[in-house]
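Presented below is the structure to which this report refers.
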Amino acid sequence: QRKVYFLVGEGERSPEQFSETGYSQAKSGLARLNYTVESLSLLISPTVPSDASVLVIAAPSQPLSQPQVDALDAYLKSGGGLLVLADPIATDATRPFVFDPATDPLFTYLGATWGITLQKDLVLDSQFLDNPNWSPSWPVVQPDQQIGNYSGPIADKLVGLATFYPTASSLTTAPAGEVTPERVVETSPAPGVWGETDLAGLGQQGYLPTYDAAADHGGPVALAATAENLTSKGRVFVAGDVDFASNTFLQQYGNSDLFYSAVNWASGQTELLNLPPKSQTT
């Protein structure tokens, strides 16, 4: 039996939460895919259980400790699968980062060992700057080079589907040892989409952000990436946003397809990518 654990103890989103930001709908969808879903605290248990097919870390509001990261490393070296869904800006796009990804033990580890680095920015989509019905901090991606693109191991499950990412940070990828990560979700190019680094400016009333090529991270920027160690068979999926799979947004557009496909890929169950009906929610 395949089992998905959600990490708890550092303020992460929980599969037991029925609120707008919770992950109870994701739990129901995973159950329809024949996963058992449980919570795990590495503060109580020093290791990831051996029956874990996938471990999900959904936006910790406090940094993980180095011993916890060491436990993740041991789990991945044994062939485990990990999903890390970041939300360093919490629920308010105008707030500064809760913690610095450059010094956080988890994100330092992901960059050094898996080649996936979280940027300290907020991805903005300029086509929505004057749109009263959509926020520019909710970038939209479609499989079109003018709007965005999907690639890598789960791209074929997103053909013809749009996905969007409320208050997301961008990712960079680079080879790390024997691991070569892949950018699986990319935005359209700058100046249409970029990673805004002036987070203080975003908090000022009347501030209109514009792309600064010297300071900002120009698109196409990555919003999600995967990495696999071909020796240990460990797999990692990292997204710069956690809200796309929350109760509010999971069933909209292709967001659920992305989340369930990422779980199936991380678990090594690539032949089981048939997705549950979107209408079956509890």
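The values are calculated or read from the model by the stated rules, or taken from the named source; none is laboratory data. Nothing here was measured: the structure is a model prediction, and the numbers come from that model. For neighbour counting, all protein chains shown are included, and Cβ atoms are generated from backbone atoms with ideal geometry for every residue, glycine included. For accessibility, only protein heavy atoms count, side chains too; no ligands or nucleic acids. Shrake-Rupley method; radii C 1.70, N 1.55, O 1.52, S 1.80 Å.
Some observations on this one:
- Against the list (1) crowded, with 16+ Cβ neighbours inside 10 Å; (2) at pLDDT below 90, the condition G203 fails is (1).
- Of all residues in the stretch 116-163, those satisfying the criterion of being under 12 Å from A224 (Cβ atoms) and not in a loop (DSSP other than H, G, I, E, B) are I116, L118, V123, V141, G148, N149, Y150, A155, L158, T163.
- Counted residues, the stretch 195-210 - those being among the small types (G, A, S) and touching a residue at least 12 places away in the same chain (Cβ under 8 Å): 3
- When P15, P67 are checked against the criterion of being at pLDDT 95 or above and assigned to a loop (DSSP other than H, G, I, E, B), P15 stands alone in meeting it.
- In the set (1) modelled with pLDDT of 95 or more; (2) surrounded by fewer than 24 Cβ atoms within 10 Å (Cβ to Cβ); (3) of a type in the set (G, A, S), G240 fails one condition alone, (2).
- You will find that of Q269, Q251, Q280, the residue that is closer than 18 Å to T167 by Cα and either surrounded by fewer than 17 Cβ atoms within 10 Å (Cβ to Cβ) or at pLDDT below 95 (or both) is Q251 and no other.
- Subset of the stretch 1-12 that is assigned to a strand (DSSP E or B) and open to solvent by less than 30 Å² (accessible area, probe 1.4 Å) - its residue that is farthest from A262 (Cα to Cα): L7
- Evaluation of F237 against the conditions (1) in contact with a helix residue (DSSP H, G or I) (Cβ under 9 Å, 6 or more places away or on another chain); (2) closer than 18 Å to L118 by Cβ; (3) part of a loop (DSSP other than H, G, I, E, B) shows that the sole unmet condition is (3).
- Pick from the stretch 113-170, criterion touching a helix residue (DSSP H, G or I) at 6+ places or on another chain (Cβ under 6 Å) and without any contact (Cβ under 8 Å) to a residue 40 or more places away in the chain, ranking: farthest from Y260 (Cα to Cα): W134
- For the stretch 114-148, the candidate set comprises residues that are of a type in the set (S, T, N, Q) and surrounded by fewer than 19 Cβ atoms within 10 Å (Cβ to Cβ); within that set, the residue that is modelled with the highest pLDDT is S126.
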